[in-house]
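Heads up: the structure comes next, in structure tokens.
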Amino acid sequence: MCGIFGELRLDVSAPAEPFSSRADTSLAHRGPDGRGTVRSGPCLLGHRRLAILDLDPRAAQPMWSADRRVALAFNGELYNYLEIKARAQAPDGGWRTTGDTEVLAEEWARKGVSALSGAVGMFAFAVWEERRQRLWLVRDRLGKKPLYWAMTRRGTLRFASELPALLVDDEVARETTLDRLGEFLQYGFVAAPRCGLSTVQVVPQGCALEAWVDDGVLRTRVHRYWALPSPPPASNREAWLEQFRATLADAVRIRLRSDVPLGAFLSGGVDSSVVSLLAGRALSATPLRTYTADFDDPRYSEGAFAREVAQHLGSVHTELRVAPPPESLAAAVVEVWGDLHGDPSAIPTLAITREMRKHVTVALSGDGGDELLGGYARYQVALAAHERYRRLPGAVDAVLATAQQTVPTWLRGTSRLARARRRLEVAYPSELRAYATRRWPPVLRAEAPWRDPLELSLARHSHRPPLLQMMACDIENYLPEDNFVKVDRASMAVGLEVRSPLLDHRLFELVMAARPDWLLDERGSKRPLRELFSASLPSSVFTRKKMGFAPPIAEWLSSVPPELTLERIESSAIAEVLDRRELRRQVRLYARGVHGFAGRVWYMLIAAEWWNRWKPTLRP
């Protein structure tokens, strides 16, 4: 787990040192254990190392293959590197290291992008093919690790693990568009391949960007090497369940490979408890360290549940109370995240990763269980609404669509009204939108042409059963652009590597072949985990109400006078595109505790701080 950066230039004679040294400094938190650069013709690769496997300096990066055909700057982990290494032909002179980076470099030198077909891991890496003069930027199948890229004013391609590393000088223009802001104010993120700045792109999940210079022109091409499959439905549930159990056990096993201390997040919920159980079994010689972030507000506290599971497992448990000063929240989030990101659970995530880093360098998490096994309550709500409304006559559906656009946004029942549509790809996005009945946030003065990424994703997966259709949409959008961003930035801000067995792509491929009732039945979601592990964990894990890792953001914000909140937003340049009357109405309603308005105001605070941080020019 590291930070990478680099560039591919048209003008080889121009110095790269200013960008290289500044990007290196910008990403120092991601790799406190080492640094390195490689310059080969028009290509620069840079690396900041967080040492996890093979702590020897010979494993430093960027790393050349033995035949010097390729150079690799690798961020992430190739979990099954030992299995790949056992099958692979050793390079001339034998293996030089005991880690995963050399295995990937040698595999790429022999096979190119097809080397990824057997890879199990989380990664974002850059490969320079010396002989072919090709640069490849590759992101893992689900998009767990970030990778930004941009073209500079002089025609150079730059890339980096985080947005701020691309903006260390004025070579990348700082521009944005109204549709990006609208998307963020609705969902709290901007979906790949876009990001907050219109001059910067994100390599999408499961994709590899190829770049080369052709006759004085820098060209790029995106290759998709993986997508959610659409296999024939499995017919034998018992055989499927056994395959799921074996794959999950293997996913945990290979994620325990580490040459540094390891621990686990533990909330006492289903996902983290199952992962901690399996990790504890595999680490039978030593007790697992577990960590919980908790809140004083009992409505959000999971501390007692986590303690019960930790005692049951015999883990060494640490509990951290999270109560940051509200007035600095938005600015702190923007400073760490860099890009537009609005999930308030980023705050306790950052707090608990700081505590964990005092003791461990690698942490297992239960992330991904909800997207993998239909765990969000919104799936059940949306399924019930879809069954109720899917046979609506077209005329009635049109009337409801009009009503949704005119109903006041402060009404508590707006989310219920938004579900009353016959097409799931129209109804489901309302479960994630800040303004459920509106396609466009009413707080913006003008509306911009916009293609809703969730609607497009749902339409692509319309051939799937409704539950799998919604899960696929979240796997392509909410998971990589919200959850992964939150965990990556929070953990890497303190040099902690987070590994998530439930995010193993092999499990997602299995789930896409499952019947929906194998995942979600009358007793609730995550049926496979319930049936496989309920006998091995306290009953509360599977019987208590799902809470989620949500901080009391409304209570935290309420301690700040609404006048100060309004001043923070209106003093930002973003106020020029906001409807002042609607903005003030939103803040008044949030101050009165009206349901749902704290989240809307939080997004506006983040957007205002982000605008102040980067001062982008607004383009049509």
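Computed from the coordinates by the stated procedures, all read-outs in this text should not be read as laboratory data. What you see is a predicted model, and the numbers here were worked out from it, not measured in a lab. Ideal geometry is used to build each Cβ from the backbone, glycine not excepted, and the neighbour counts take in all protein chains shown.
Under the definition of Cα pairs under 8 Å and six or more residues apart, what whole-number percent is the relative contact order of the chain?
16 percent
Once amide H atoms are built 1.01 Å from N in the peptide plane, which residues 5 or more positions from VAL498, or in another chain, come under 5 Å H to H?
ALA363
Simple spin-label model, 7 Å along Cα-to-Cβ: SER534 to THR402 in nm?
In this crude spin-label approximation the distance works out to 4.9 nm.
Is there a quick way to get the dipole size of segment 552-620? I mean about its Cα centre, with the Cβ of Lys and Arg at +1 and of Asp and Glu at -1; what is the value in debye to the nearest 20?
160 debye
What order do you get for 398-411, 445-458, 417-430 when each peptide is scored by the mean count of other beta carbon atoms within 10 Å, highest first?
Final packing ranking: 417-430, 445-458, 398-411.
Expressed as a rounded percentage, what relative contact order does segment 351-493 have, with Cα pairs under 8 Å and six or more residues apart?
Over segment 351-493, the number comes to 25 percent.
Would you work out if segment 552-620 is rounded, prolate or oblate? Take a ≥ b ≥ c from the square roots of the eigenvalues of the alpha-carbon gyration tensor; rounded if a/c is under 1.5, else prolate when a/b is larger than b/c, oblate otherwise.
prolate
Could you calculate the contour length gain from GLU175 to ALA332, that is, 0.36 nm times the residue separation minus the distance between their Cα atoms, to one decimal place in nm?
Extending this stretch completely gives an extra 54.3 nm.
Sort 229-238, 537-546 by the packing proxy (mean of other Cβ within 10 Å over each peptide's residues), most packed first.
Highest-to-lowest ranking by the protection proxy: 537-546, 229-238.
Assuming 0.36 nm per residue, please report the length gained on full extension of the stretch VAL217 to ARG110 beyond their Cα-Cα distance.
35.7 nm
When the chain is fully extended, how far beyond the present Cα-Cα distance does ALA377 get from TRP450, taking 0.36 nm per residue of separation?
Value of the extension gain: 23.5 nm.
Got a sec to turn the phi values of segment 344-350 into Karplus ³J(HN,Hα) couplings, 6.51 cos²θ - 1.76 cosθ + 1.60 with θ = phi - 60°, whole Hz, x for Gly and Pro?
x, 5, 4, 5, x, 4, 5
If the reach is capped at under 20 angstrom between alpha carbons, list the lysines near LYS145, excluding any in the same chain fewer than eight residues apart.
Excluding near neighbours in sequence, the set is LYS486.
So, R0 is 35 Å and r is the distance between the beta-carbons of LEU417 and ASP517; what FRET efficiency does that work out to, to 0.05?
0.75
Using θ = phi - 60° and the Karplus curve 6.51 cos²θ - 1.76 cosθ + 1.60, what whole-Hz ³J(HN,Hα) does each residue of segment 114-121 get, with Gly and Pro shown as x?
These are the phi-based 3J(HN,Hα) values: 5, 4, 7, 4, x, 7, 10, x Hz.
Spelling out what I want: for every residue of segment 457-471, take phi, set θ = phi - 60°, compute 6.51 cos²θ - 1.76 cosθ + 1.60 (Karplus), and round to whole Hz; glycine and proline get x.
Result, rounded to whole Hz: 5, 4, 5, 5, 9, 5, 6, 8, x, x, 4, 5, 4, 5, 4.
Using modelled backbone amide H atoms (1.01 Å from N, in-plane), which distant-in-sequence or interchain residues come within less than 5 Å of LEU256's amide H?
Here the answer is none, since no amide H 5 or more places off falls under 5 Å of that of LEU256.
So who's got an amide H within less than 5 Å of the one on GLY34, skipping anything under 5 residues away but keeping other chains? H placed 1.01 Å off N, in plane.
The answer is ARG49.
Can you tell me which of 6-12, 133-139 comes out highest on packing, and rank the rest after it, using the mean Cβ neighbours within 10 Å?
Per-residue mean Cβ counts within 10 Å order the peptides as 133-139, 6-12.
Please report, in debye to the nearest 20, how large the charge dipole of the chain is about its Cα centre when each Lys and Arg carries +1 at its beta carbon and each Asp and Glu carries -1 there.
Computed about the Cα centre, the dipole is about 1100 debye.
If contacts are Cα pairs under 8 angstrom and at least 6 residues apart, what is the relative contact order of segment 552-620 in percent?
Value for segment 552-620: 42 percent.
Which of rounded, prolate or oblate describes segment 120-188 when judged by the alpha-carbon gyration tensor and an a/c cut-off of 1.5?
oblate
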